[in-house]
Structures are given as structure tokens and as C-alpha cells.
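Novice: My structure is below; once you've seen it, I'll send some questions.
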Amino acid sequence: MRYLILQEKDGLTFVALPETHMYQLVALFKRLYKEIDKLTIEDRPQLPTVLAECADLELLGSGLAVVDGLDYVSSLEERFAALPESQYPLISLLTEIRALQAQLEFLRDEE
């Protein structure tokens, strides 16, 4: 298991993903950063800052928790799917988000 540490507007988020799929989430964020300004809507979703990726994580604060990767990707998909946009950049981004989501769902079903 790998962990991605994200700086969200309201604090840190720790996302757990299988090592085999972590690179896809990092690549997805890079693509989102690159393409978000191409959306034609004014109220674009706020993207977190990727701070670090690590193999081990020990949370010492009582208010901290690790988010399952599928749950995080699903919430990301919901945020982007709710946008009132029908242009190519959003459709392309949603396709990538949903592809990773489907892979993670498949992994969960296999376990």
C-alpha cells in the first residue's frame, strides 16, 4: 500500500492506494492541474496540492484519518461530473477519472 499526502483547502488528506495504481493517481492530478484552466466555467473545482507519496504512514493526530483510494477517486468524479460543462476538456478528464475508478472497483471486487 502507498499513501499520497494532499494539501486540501481545509487541511491534509491521506489517500491509500495499492502501489500498482498510485502512479495513475499522481498522473491524473498532473493532468488535472494542466487542464483545469481550459474549462470554460468560472467556478472550477479546487484541486489539492500533492505534497508527498510514501510507503509507510503512521498518523499521530487523533483527528487524522486515511481515505481509501476508491472513495477519494469517487468523490473526485462526483465533483467533476457535477460541473455544468460539456466541452472536450471536462469529458476527457472525466474519462480518465472514471477509468481509474473502474480499475479500483475491480481491485476491490477481486479481494
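Please treat every number below as a calculation from the coordinates, not as lab data. All values derive from a computational prediction rather than experimental measurement.
Novice: For the stretch 19-75, what does the convex hull of the Cα positions come to per residue, in cubic angstrom?
Specialist: On the way: hull volume 6.6 nm³, N = 57.
For the stretch 19-75, the hull spanned by Cα atoms encloses 116 Å³ per residue.
Novice: Give me P(r) over the stretch 2-110, computed from all C-alpha to C-alpha distances, binned every 10 Å, as integer percentages.
Specialist: 13, 46, 32, 8, 0
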